[in-house]
Amino acid sequence: MAVPGEVPTEPVVRPAPHRWIWYALGGSLPARNRGWVLHDTTTGTWWLRHIARMFVQLAIPVALVMLLLPAPWGLRAAVAGGGVALALFYSLAYMFETTENRVVKAGYPVGTATAHRERASEVRQQRESERKRAAAARRAARYRDRFSR
């Protein structure tokens, strides 16, 4: 069992397309995909991946509304669009809880995804700070060289 502050050691094994669809619909993946689930929920584009999973979940209800609702096409599209907007609102509101639940379902302790994202954010901030410090030192050196002649 992993600890929330610990760096995962599992390999990142991407699931097959049919397993990814099952995962997007809320199912769990085999144990060999544990590392990928953590990667999927903590990588830099984790929120885009969350939205993509939400659209996969909505594909079936939207298709059913568009095909089976006995109404004009404009009304069908409006109903489907309203459903997508409402689903997007709720999906974004509960994004952190949903991704954390996926990580727990994969066998990690509660808080692992959040801790992993926070650690990655700290590393990014540290790199950005070092980059800015180096740029300021280069500017200062250019300024000294320009006026020391």
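Just so you know, all these numbers are worked out from the coordinates, no wet-lab data involved. None of the values given here were measured: they were computed from a predicted structure. Here the Cβ positions follow ideal geometry from the backbone for every residue, glycine too, while neighbour counts run over all protein chains shown.
Summary of values
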| quantity | calculated |
| --- | --- |
| Count - residues of the stretch 85-122 that are loosely packed, with under 15 Cβ neighbours inside 10 Å, among the small types (Gly, Ala, Ser) and over 15 Å from the mean Cα position of the chain (by Cα) | 1 |
| Hits in the stretch 28-65 (condition: among the β-branched types (Val, Ile, Thr), closer than 14 Å to Glu100 by Cα and in contact (Cβ under 8 Å) with a residue 40 or more places away in the chain) | Val37, Thr41, Thr42 |
| Residues satisfying the stated conditions in the stretch 35-50, i.e. of a type in the set (D, E, K, R) and closer than 14 Å to Tyr108 by Cβ | Asp40 |
| Search result, residues across the stretch 84-124 that are touching a Leu at 6+ places or on another chain (Cβ under 9 Å) and at positive phi | none |
